[in-house]
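Shown next, in structure tokens, is the structure this report addresses.
Throughout, read-outs are computed from the coordinates displayed, never taken from laboratory work. Please read these numbers as outputs of a predicted model, since none were measured by experiment. Cβ placement follows ideal geometry from the backbone for every residue including glycine, while neighbour counts extend to all protein chains displayed.
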Amino acid sequence: MPKRVFRPPTPEHLAKAALHYLSRYAASEAALRRVLENRIRRAAMRSREFADNKAGQENLHHSIEGIIERHRKSGALNDKIYAETKINSLRRAGRSANAIRQKLGHAGVDKGVIDAVFEEGEDDAEIKAALSLARRKKLGPFRKTPKEPALYRKDLAALARAGFSLAIAKEVLGNQGLLDEDVDAEEFGAASGFFSAK
């Protein structure tokens, strides 16, 4: 099999790659930027000549910003819509607000955008997400086994690891025979870095 000839990336090549990526995936600006920068990085690993051409690479990095700006203006890239879509999808999957915020942050969505989207539609979304997770994992009221304090604690810990607060977890699971003072946020604080008593 003949060896493939190395062709250094060009602004046109990156523009086509961006179009192809956006036609297949919903993406944040940061995600698209990462994809295009990875093309430049991989090209530099394949060709010493390209790796040494710092001015050419700088030109390509500059063209990435132009590509992102064009897609932002066309509406193909919109971090607010991306965040709304992700939040709705992750809520249906039973993810907590804390877990969703973390995921969007990893995707490169600006914290201000995340805060704005959450402010618009929180209401009882956290309860619904916790109920969805409890139903899927058969926790609390969705268990087929008898209600026991040991299982209640286990279910609370599962919701804590998912990022739900103790108050939300208690509301979703019900009391199941334990007094409120038997279960506190400190006891379950170790279950998750997200856990709070709110």
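Key figures
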read-out	value
Added length on full extension, which subtracts the Cα-Cα distance from 0.36 nm per residue, Asp110 to Arg42	21.8 nm
Distance between modelled label sites at Ala167 and Glu119, nm, 7 Å Cα→Cβ extension	2.0
Given Lys86/Lys138; Lys128/Lys154; Lys80/Lys154; Lys103/Lys137; Lys111/Lys137; Lys16/Lys80, the pairs whose alpha carbons are separated by over 28 Å	Lys80/Lys154; Lys111/Lys137
FRET efficiency estimate (nearest 0.05) - Cβ-Cβ, Tyr25 to Glu49, R0 35 angstrom	0.65
Protection proxy ranking, peptides 149-155, 7-13, average beta carbon neighbours within 10 Å, highest first	149-155, 7-13
Length added when fully stretched, Thr85-His61, from 0.36 nm per residue minus Cα-Cα	5.8 nm
Highest-first arrangement of 61-69, 127-135, where packing means the average Cβ count within 10 Å	127-135, 61-69
